[in-house]
Amino acid sequence: MFNTFAELKEYCGSNDIQLIDFKVVDMAGRWHHLTIPVERLTEKTITKGIGMDGSSYGFLTVDKSDMAFKPDISTAFVDPFAANPMISIMADIYTLGEDAGRFEGDPRYVAEKTEKYIAELGVSDTCLLGPEFEFYVLDHVSFRNDVNHIEVNIDSRQAAWNTGKKDEPNLGYQVGLHGGYHVDIPKDSSFDLRNEMILMLEKHGVPVKYHHSENGGPGQVEIEVAFGTLTTMADRSMLLKYIVKNLALKRGRTVTFMPKPFYGELGSGMHAHIQFFNEGKPVFSGDGYSGLSETALYAIGGILKHAGALCAFTNPSTNSYKRLVPGYEAPVSIGFATANRSSVIRIPGYADTPDSKRFEIRSMDATCNPYLAYSAVLMAAMDGINNKIDPVKGGFGPFDFNLYTLTPEEQKKIKSLPKSLEEAADALEQDYKFLLAGDVFPQGLILDQIRRIRKDAEKVSIVPHPLEFELYYDL
């Protein structure tokens, strides 16, 4: 929004801005924030930054946790959710002391380093990503995890289980299980809310291609955004989740990007389309399989070779692996194909011109830190290009058939994604050297990620599950 401090200061004065809010992303992909009165905003705030405890963000150790964040004023936006006029600004993390400088493990810095590394190799000067955000718009959620009480209750006004509701007026128009795909109003109960969301997103610099209701009957929807470069798209991903969640809350509803909030219903993914251009020319268009270039196929080969390790960044929650099971439109087979939604990599059949030629990774979900997940995927693609990893010779397809219908014996012949967060941690532990190329991912960050997701997995694994009482209570 601003190029100089003078522009920022002038705008604040002309528009009666009262507060400046700084947003910093942590390892898990959550924003933290700190707010100052606009009178305290000086050029030193921008150049010197504000001190922070890095260990509270999941960075470094407690004895080396003093850090600072410096605002990136180009990311500033007028925050639509503050009661008083306020500008929010995303910030970068810096180390202090003798080696003061950009913190190598700052997720935004990792994304910037990835873009620089790809450009230096000369493969592409413009790497574009186009994610599709699936999520549920709900009307109630409550959860409790006590020593003697484990409970989750979720409700959606359009859910099929409300067809027989009698304790208050019931106007019908509920949506059946798996019946929400492109369902129209009046059944599409979040239509007006989504319209408000995408108009707000457009106003705040997040171009939207379209939105629609998705397959999940109890309120699953999708917003697909236009293509953007890596760091820009990661910034937009954070802003999209911020706007979507806060606007829903403001309208008396709640949103979850959890990959699998409902048993027996469709999970929510974050498919991401990938395109490379160099000097304005499409890199992925060629005369190979499905109209792809050799470079595109090598990129696919790299992603599929490292697919297991990537899951530690692209699917970093225990809930991710409730979605990554056969039969619910979530890919588990490590392969590629044209127009095949059951494979990890899909080449859209409708992308049939050179400028539109691309592929899509379908396994990701929005519990990821977008800076780290997008960077990891592109680093795997570059490893494939650098080492000429042929996906066909690697046994990754093309699989031009429905992978969901394979028998168990047939499924064993095709490599699969990890079945749990522990397996994803194991995969990354055994395969992370491709992330170290160009000093993009610091080894410490990778080891921190492994420790963090193992801790989550252990925490969930020791909690008794309600279904266990059904299975074993009477034994």
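All of the numbers you see were taken from the coordinates with simple rules; none came from a lab. Every value quoted in this text rests on a predicted model; they were computed, and no experiment measured them. FYI the Cβ positions are ideal-geometry reconstructions off the backbone, even for glycines, and counts take in every protein chain you see.
Quick notes on this one:
- Over the chain, DSSP H runs of length four or greater, each weighted -39,500 (n - 2.57), average out per residue to a 222 nm ellipticity of -9500 deg cm²/dmol.
- Calculation over all alpha carbon pairs of the range 211-332 in 5 angstrom steps from 0 returns a P(r) of 2, 8, 14, 18, 19, 17, 11, 6, 3, 1, 0 percent.
- Cα-derived Rg over Rh, computed across the range 5-102 with Rh taken as Kirkwood radius: 0.99
- Within straight-line reach of Lys281, meaning a Cα separation under 18 Å, sit the following lysines at least 8 residues removed in sequence or on another chain: Lys357.
- Counting only GluC sites (Glu not before Pro) that DSSP places in a loop and that have at most 12 other Cβ atoms within 10 Å, the longest clean stretch of the chain runs over 280-475.
- Loop-located trypsin sites (Lys or Arg not before Pro) in the range 216-261 (DSSP state other than H, G, I, E, B) with a sparse environment of at most 16 neighbouring Cβ atoms within 10 Å: Arg251.
- Amide H partners (placed H, <5 Å) of Phe359, local residues excluded: Ile274
- Considering all different alpha carbon pairs of the range 296-429, the Kirkwood hydrodynamic radius works out to 14.8 Å.
- Rel. contact order, % - alpha carbon contacts under 8 angstrom, at least six apart, the chain: 14
- Under Karplus coefficients 6.51, -1.76 and 1.60, residue-wise ³J(HN,Hα) of the range 225-233 in Hz, glycine/proline x: 9, 6, 5, x, 6, 3, 5, 4, 5
- Asp125 long-range amide H proximity, modeled H, under 5 Å: Phe277, Asn278, Glu279
- With the biggest extent put first, the Cα atoms of the chain measure 63, 62, 49 Å across the principal axes.
- Coil-residue trypsin sites (Lys or Arg not before Pro) of the range 131-183, DSSP, other Cβ within 10 Å capped at 15: Lys165, Lys166
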